[in-house]
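Student: Okay, handing you the structure first.
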Amino acid sequence: MSTLYALLGVEPDASQEAIERAYAQQRARYAPERVAELDPELQRVAAERSAELERAYRVLADPERRRQYDSSLKAAKAPGKAPQRGLTPRERRFAIAGALVAVALIALFWVLTGQNVAPQGQAMSEMNRPAPLFVAPTLDGGTVRLEDYRGQVVLLNFWGTWCEPCKRELPALQAAHEQLSRDGLAVIGINLTDDEKLQGRSEAQIQAFLNQFGVTYPIALDLEGSITNDYRVFPLPTSFFIDPEGTIRYVHIGELTLADVQATLIRMRGETAGRSPT
């Protein structure tokens, strides 16, 4: 279950000072002037996210409202005491009809798109702007230079240890790293380390977190938030697909699947072939 704490990127026991800092940092990330050049869909996502942050802050900044909210979280986690009533015949008919409609819509999507898998997460948004270059330290003491990956398709994934969708997509990203590197794909994780440290996490704890998922692709540390700002990242996770010439072609907000990555790589290779001289 997503919580107001997760929305701000803090733990439930965070101090009021930590909540204030996190709110200020997140609010700056969604500032209208920062998203003015993005396409309308991403601007809509930013506006929605900004409104959610305002609601979260109004609750967590007020000690009494925060206490009531914490009590509601504890109650939600407690075993339910109320007996569950059965569905009435009318409710069962509506449930069955709704399920059939959902199946029909998914089937229609398959027919129209010619794909064999159901859509996952938010659709890819097309972009066409140069990928901001960066040089960043890695968890293993090395350095990641985006320019060194010119000639490959780069999947740049922004994530944090507190982000539940980030955790869920790690196995897919690792599988993409293992299975698609031979096809010219490079996966690079960008950890929002400035936010991690705001929440009291060390680089050693970040590494221990990744070890649980067997992650072996490079993880760059965004120590001061400059990379995140340059890429105008909104919710986590956010992933950018960069073509071999260094241009951002697609951005995906939300959890990625291996099928998402495979389909986007095939599409980008087709686009590259289409631009090649015959």
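Student: Residues of region 195-205 being within 17 Å of the chain's Cα centre (by Cα) and touching a residue at least 60 places away in the same chain (Cβ under 8 Å), which ones?
Tutor: Asp195 - this is the single residue of region 195-205 that is within 17 Å of the chain's Cα centre (by Cα) and touching a residue at least 60 places away in the same chain (Cβ under 8 Å).
Student: Could you go through region 198-209 and let me know if any residue there is in contact with a Leu (Cβ under 8 Å, 6 or more places away or on another chain) and in a loop (DSSP other than H, G, I, E, B). Before you say what the answer is, go through the steps one by one.
Tutor: Residues of region 198-209 that are in contact with a Leu (Cβ under 8 Å, 6 or more places away or on another chain), as a first pass: 203, 206-207.
Still in the list and also in a loop (DSSP other than H, G, I, E, B): none.
No, that holds for no residue.
Student: Sticking with this one: For the list (1) crowded, with 17+ Cβ neighbours inside 10 Å; (2) at pLDDT 75 or above; (3) not charged (D, E, K, R), I need the number of the one condition that Leu42 fails.
Tutor: All conditions are met except number (2).
Student: Also, I was wondering about something else. Got a sec? Which of Ala61, Ala31 is modelled with pLDDT of 80 or more and not basic (Lys, Arg)? Lay out the reasoning, then the answer.
Tutor: Numbers: Ala31 fails: modelled with pLDDT of 80 or more.
Going through Ala61, Ala31 in turn, the sole match is Ala61.
Student: What are the pairs with Cβ atoms under 8 angstrom where one residue, in region 127-155, is acidic (Asp, Glu) and the other, located anywhere, is buried (at least 16 other Cβ atoms within 10 Å of the Cβ)? Sequence gap at least six, or different chains.
Tutor: Pairs found: Glu147/Gly246.
Student: Report every pair of residues separated by at least 6 positions or lying on different chains whose Cβ atoms are under 6 Å apart, first residue within region 48-62 and more than 11 Å from Ile19 (Cβ to Cβ), second crowded, with 18+ Cβ neighbours inside 10 Å and modelled with pLDDT of 80 or more.
Tutor: Short answer, once both residue conditions are applied: Arg49/Pro235.
Student: Right, something else. Select from region 216-266 the residues that are assigned to a loop (DSSP other than H, G, I, E, B), closer than 20 Å to Lys167 by Cα and either of a type in the set (A, V, I, L, M, F, W, C) or in contact with a Lys or Arg (Cβ under 7 Å, 6 or more places away or on another chain) (or both) and list them in ascending order.
Tutor: Val233, Phe234, Pro235, Leu236, Glu255, Leu256
The values are calculated or read from the model by the stated rules, or taken from the named source; none is laboratory data. The shown structure was predicted, so the numbers you read here are calculated from the model rather than taken from an experiment. Here the Cβ is made from the backbone with ideal geometry for all residues, glycine too, and neighbour counts use every protein chain on show.
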